[in-house]
1. Over the range B:1-137, what is the mean sequence separation of C-alpha contacts under 8 Å (at least six apart), divided by residue count, expressed as relative contact order in percent?
2. So, R0 is 22 Å and r is the distance between the beta-carbons of residue B:10 and residue A:130; what FRET efficiency does that work out to, to 0.05?
3. For residue B:78, place a label point 7 Å from Cα along the Cα-to-Cβ direction in every copy; what are the distances to the other copies, in nm, shortest first?
4. In nm, give the distance between the simple-model label positions of residue B:138 and residue A:74, each being 7 Å from the Cα along the Cα-to-Cβ direction.
5. I need the shape label for the range A:1-137. Rule: rounded when a/c is under 1.5, else prolate if a/b > b/c, else oblate, with a, b, c from the alpha carbon gyration tensor.
6. Compute the angle between helix A:51-63 and the longest alpha-carbon principal axis of chain A, please, reported from 0 to 90 degrees and rounded to the nearest 10.
7. Note the distances from residue A:148 to each other copy's matching label point, with points 7 Å along the Cα-to-beta-carbon direction, in nm, sorted shortest first.
8. With a/c under 1.5 counting as rounded, go ahead and sort the protein assembly as shown into rounded, prolate or oblate using the C-alpha gyration tensor (a ≥ b ≥ c being the square roots of the eigenvalues; past the cut-off, prolate if a/b is larger than b/c, else oblate).
DNA sequence: CCCACTCGGTTGTGTCATGCAACCCAGGCC
DNA sequence: GGCCTGGGTTGCATGACACAACCGAGTGGG
């Protein structure tokens, strides 16, 4: 979808950000990355994305410095992709997308972002709704939400 | 780019949000809407987007309840598009995209989001960096940033 | 020694959503 | 009655995406 350039919007921060992460799969790949998915096949299975598309996206995110590719074993060489600082800084974007979707686009949240220290949930303002602490990607964990729980009960 | 459905991700809030606003132009149309652009031709001129694409996007955003279309004159009838509450709630997403872009994707911000009451700038956490107040779309105005100022000086 | 399996991809083909330009229509304006 | 403006629609071209097949290095089993 990306002609890669939004002509006439080169100086716009929003457009420039979208030029990097604004295509159909990149955001979902990043969502997975934030849940500690790191390997090619794990991304592929989790997302159901075509392998060539995944390969191209991981390569681009690596080129952009959002992911880092490093071997986690030799013999045979296997790689993993981890978020860099620049990548971790995308967290507010993911959270704001998640929160809007929770409110307007789905019946019940499929996952909760929970403050590890106190069990509160993250808010749109990136704070904990229980203790009020400002949160970052390292302060939280992802838990299955009501939708998943309900499905499990009804199954 | 949108097959409109991310198969297997129906329950995911992030994917669902992207299904609504995740295509190439929608986010930029919304950016304009937040700067009080309201008419078809104004959007078109500001963005340089193809008219059919703009038409289709405005229609979809209206269907989704993110924009509201109402006549602002009869004879001939002319319409304007305004953000609804649901649309205004997309503000955190825009701000987080803008802030990330300011930091990583452009040399100098082309626009600043400024707290109307005190002149401070909005932060990633949607607060004012001067007075600390929590901010929303109605509390701020958009000002030209360093990039624009520099261009004006050099011209 | 040969076959199968895993991980991490690349290649090739087809389709469908998207992008752009050109055109359309109605009402005023001069 | 020719041109401008606002608000679109139509038609053609492109290119992103989906899907499936293939590749190659290494490892493990019989």
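1. The value is 14 percent.
2. For residue B:10 and residue A:130, the calculated efficiency is 0.15.
3. Spelled out, the distances from residue B:78's label point are 6.4 nm.
4. Taking the two extended label points, one gets 6.4 nm.
5. Because a/c hits 1.5 or more and a/b fails to exceed b/c, the range A:1-137 counts as oblate.
6. Roughly 90 degrees, rounded to the nearest 10.
7. 4.4
8. Since a/c stays below 1.5, the shape of the protein assembly as shown is classed as rounded.
FYI, it's all coordinate maths here, none of it is from the lab. Computed from a predicted structure; not experimentally measured. Ideal geometry is used to build each Cβ from the backbone, glycine not excepted, and the neighbour counts take in all protein chains shown.
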